[in-house]
Each structure stands twice: as C-alpha cells, then as structure tokens.
Amino acid sequence: MKPQFFEKTEIDTISERLEEERIFHAVQTSDNHKETYGQYFTPYSIADFMSSLFPATDKPIRLLDPGAGIGILACSFMCRILKENWQTSSIHVSAYDIDNNVFTTLNENLAASIAAFKNSDYEIQTDDFLEKAAIEYVWHKDRKYTHVIMNPPYKKIITNSKERYYARILGLETVNLYSAFMGAAISLTEDNGYIVAIVPRSFCNGVYYKPFREFILKNCAINRIHLFESRDKAFKDESVLQENIIIMLQKNAVQQNIRISYCNDDSFADLSEFEVPFSQILHENDKEKFFHIPTKKQVESKISEKYSNLKDLNIKVSTGPIVDFRIKDLLLKDYAENSYPLVYSVHFKNHRFSWPQKSKKPNAVLISEEVKKQLFPKGFYVVVKRFSTKEERKRIVASIITPEDFVKNGMTFENHLNVFHADKTSLSENIAYGLVCWLNSTYIDEKFRLFSGHTQVNATDLRNLPYPDFGNLSKIGERLKSEKEWNQTVFDNLAGELEK
C-alpha cells in the first residue's frame, strides 16, 4: 500500500514522507520500469547533503530539478532554506519528469514543501527535458536558473537517437543520458549559478566521455567532489553497483582549489574533507582530460610525479584483436598443428602464463589469413585484463608471457585483454618484467582509482598512467626476475625503491 500523504509541512515530516515514498518505489517498481526511465531515486540523506553544498543567498532563487522523480532533491533544498531561514525574496522551482506514474506524488511533495514561502511557486514539466533545453538554447530564451540539483537518468544513448541530436544542439557529444542531462542543465544555468549532481563516476576517464569532460571544463569551474568509498552503499535499496560521485559546478566561474570529501555510505557518519589545487584533478598536458580524484593519503604521498609515459618508452598497449563470437567456426577447444594459441584471461595464474587450460574457453584458433594478421611473434609481452570482478582487491592485474611460453612462432589474444608490446613485436626482457612489477604495485592501483571508478581497464587508461623511465623500469625488471615468489610485498618494495 502506498504511504499516506501527510498534511503537516514540518521539515522532519516532509523528509520522513519522502524517504518512505522512495523506499516504496524501490520495492514496488519493476526493474524493467526503472531501466526504461533510468530511474533510481535519491535517498533523502544524500539529497540533504547535496543541498548543503549550495552557499546561502538572499537573492531570488530559480531552481531546476531535471528528472525530478517524486521531488526528493528539490524538496530537500527547500527544507534547507526553511531550516536556515534564508532571506531570499522568492523561489521558483522547475521540475521535469516524463514518468506519469510519479506526477501526483511529485505535485503533492512540491506543493507541501513550497507552502511555507511567500512569492514562490513551482511548475512540473512533463516534456522531454533535453528537447525543451535544446529549444530554449536555440531561441536564446532568457529563462536561466540560479541553482540546479539533479540525479539524472542513467541510460546509454545510441548515435542516431533523438537524445544525441538534442545534446549536439547544445554543443555536446556524449554517450549517456546522465551526461546529456548535465550538459543541458549547464546550458540553462546563469553565470555564477551552481549545479550539484549525483552521477556515475564513469565520465572521469575514457575516450567516450572526453567531449563531456571538455564541455565541463569550458563552461564551469569545479568546486566540490564527493565520493562514497563503498561502491554499493549510495543506492543500496536499488542494488546499484555503479560507483557514484557528487559533483558541484559553478557556471563560468574562475577555477580555484577544489574541496574533496569522502564517506563510506549515505549516513555521512565518517565524512572526511580536504582541499587540493586544480592541478591535482586535471594534470598538465593531459590530452585525454582525465579527472583524477585523490584521497588525502595520496595527496600527502611523497612519491614523485616525475615519470614517463608509454610513448616516451616506445611501448604500445593494444586491446586483444580477436573477437571470438565473430569467428566461432575457427575456435578449437584443444591446440592442433594447424592452429595458433588463443589467449584468454583464464590462461594466467599468479601473474604467469598457464596454457592450455580445461575451461569453457577455447585454447586455440585455426590458421586463416585473417588470424595471421593478428599474430604476435615469439617474445616477451605483458597482459592486463580489461575487466576485473567487483570482488577483486586490485583493478590492474598484470602478467608476463615469455618466449618459452610459445609452442610455435606466434599467438594471438582475445578482445578482453590488453597487451603491452613494442610495435607488435617483443618487449625487451627486463622491460617486460619491469612492467609486470610496476603495474601490479599498490601505487599504480591507487593512481588508477584516482580517475576510474569502474572495473573496466581500457588501453587508454593504461596509456595515461605514469611509468618510470627506461633505465629504472629495466632495473626493477631485472630485480623481479631474481625473485622466486611474486606477491604484493615484492611488487611494492621494488616499485618503492625507485624513489631511493
């Protein structure tokens, strides 16, 4: 049974009702409906924290909540104004949501929350937010917002979709509804206005979100970033495992230091905050514009940042060329003379090559003209899995292949692996061992987590990591070869000696 609507408008009553309605929605709404609308409502404790980030003002407020759902975010913002007795002269709230199922509840909640304010009103738009934003942008409408608070829908959008079309009108090329919504909200915000959003961390790195990162940097200053250290706690009632961050932007403002905060879950009981210069977030000369989000421990680390990149080392990293479902007829369970070894992640154990394996995966691929083009000759290579499981302690797990691992002069790699090579030929022996040591170090795992919140490890991510110069990489590789057993302590000790 749906929770009853309370007549009282006290802050505690409103917040309790909103949380009851959110939990009711989480339990009673089908997964298919949530996925269709990209709809996961914000816990009130998180909404309350998001609202707390806005600086107090006595000026008129025009608040935008796109993808409003049942109004949790907008209502939490008004509750804060009421609780702190801001002397603002008026409030106007624009809430957008296309789900007719939430309209009545949204209307009741906004009406109850705004009732305490004079000269204030609200409107609910059931139009497509992106379409409306694009129209207003084209016709240069004067309607701009002073504040935006949002939990935008999460849903991938294809190249020829109407959503991509509307985003392009706003000057943004992007691949997901949440980043398109953020771009539209930024476009509708007045200069020095604020945008606070809870969104997946996935936009902080990767090729596909680079235009979105550039859009943010062109139009906004980043004021605040908050992370939840536990991946599954922010939206625990919805079983959402995507890592989320809260980000606060200011439209066309001067970029200054950024406040970083962390907590474990939506209780905010263990909140930790510190400030970093913008250069800690966006590294100088980073063409990919990755957003690095440091922990306090990492900011205070004494490890030098003066490292090389793969291009300086004449090392390349590529995604495995074999997409197995496209060549099913050529796959072999067991190796034969008329085939080549086909390498999967299952073929690595304790950072070394272990082939063949009895598993559901094939061990070889028949010789064909197409396969011959994808072969790597006998030599030294380093392999990193593209996908780690959420249970794995480390995101980057590197393994070595040596000439002794080849049964003939050639092998190839399946698409879920990243391969380090020297222009598709062998790495030098010490460099290969050095890469294994460096990539498996805790330092590199921490550096990777600064800009990536998900379990996928792409070749672009690996290119953007710091690496020792050729001499030092070779030195730790030579040392690793003499170690009988490889473990985390060995990797960290050797990597840590570079500073000495």
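The values are calculated or read from the model by the stated rules, or taken from the named source; none is laboratory data. Please read all numbers here as calculations on a predicted model, not as lab measurements. Every residue, glycine among them, receives a Cβ derived from its backbone with ideal geometry; neighbour counts consider all protein chains shown.
Remarks
- Those residues of segment 102-117 which are free of Cβ contacts under 8 Å to residues at least 24 places away in the same chain and not hydrophobic (A, V, I, L, M, F, W, C), in sequence order: T104, N107
- Residue in segment 141-159 that is aliphatic (A, V, I, L, M), in a helix (DSSP H, G or I) and assigned by TED's automatic domain parsing to the domain that holds K59 present: no
Here's the yes/no breakdown for (1) among the aromatic types (F, W, Y); (2) buried (at least 18 other Cβ atoms within 10 Å of the Cβ); (3) touching a residue at least 40 places away in the same chain (Cβ under 8 Å):
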{"site": "A364", "(1), (2), (3)": "no, yes, no"}
{"site": "V397", "(1), (2), (3)": "no, yes, yes"}
{"site": "G410", "(1), (2), (3)": "no, no, yes"}
{"site": "D423", "(1), (2), (3)": "no, no, yes"}
{"site": "E429", "(1), (2), (3)": "no, no, yes"}
{"site": "S441", "(1), (2), (3)": "no, yes, yes"}
{"site": "T460", "(1), (2), (3)": "no, no, yes"}
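- Q357 being assigned by TED's automatic domain parsing to the domain that holds D461, over 26 Å from S441 (Cβ atoms) and either touching a residue at least 40 places away in the same chain (Cβ under 8 Å) or hydroxyl-bearing (S, T, Y) (or both): no
- All positions within segment 164-175 that are buried (at least 24 other Cβ atoms within 10 Å of the Cβ) and outside any loop (DSSP other than H, G, I, E, B): A167
- Helices (runs of 4 or more DSSP H) contained in segment 366-453 and holding at least 1 residues assigned by TED's automatic domain parsing to the domain that holds E478 and under 26 Å from D312 (Cβ atoms): 429-439, 442-451
- Among the residues of segment 340-395, those that are under 32 Å from the mean Cα position of the chain (by Cα) and among the acidic types (D, E) comprise E391, E392.
- Residues that are assigned to a loop (DSSP other than H, G, I, E, B), touching a Leu at 6+ places or on another chain (Cβ under 7 Å) and surrounded by 13 or more Cβ atoms within 10 Å (Cβ to Cβ) within segment 318-343 comprise just one, G320.
- Residues of segment 419-468 classified as under 19 Å from P321 (Cβ atoms) and not hydroxyl-bearing (S, T, Y), total: 14
- Of all the residues in segment 364-385, those that are out of contact with any strand residue (DSSP E or B) (no Cβ under 6 Å at 6 or more places or on another chain) and closer than 23 Å to S452 by Cβ number 1.
- Restricting segment 460-500 to residues that are hydrophobic (A, V, I, L, M, F, W, C) and part of a loop (DSSP other than H, G, I, E, B), the residue that is farthest from V384 (Cα to Cα): W486
- Residue in segment 183-197 that is under 14 Å from the mean Cα position of the chain (by Cα) and either at pLDDT 95 or above or surrounded by fewer than 19 Cβ atoms within 10 Å (Cβ to Cβ) (or both) present: yes
- Close pairs (8 angstrom Cβ cut-off, 6 or more residues apart or separate chains): under 18 Å from K210 (Cβ atoms) in segment 156-171, of a type in the set (S, T, N, Q) and assigned to a helix (DSSP H, G or I) anywhere: L170/S187; G171/S187
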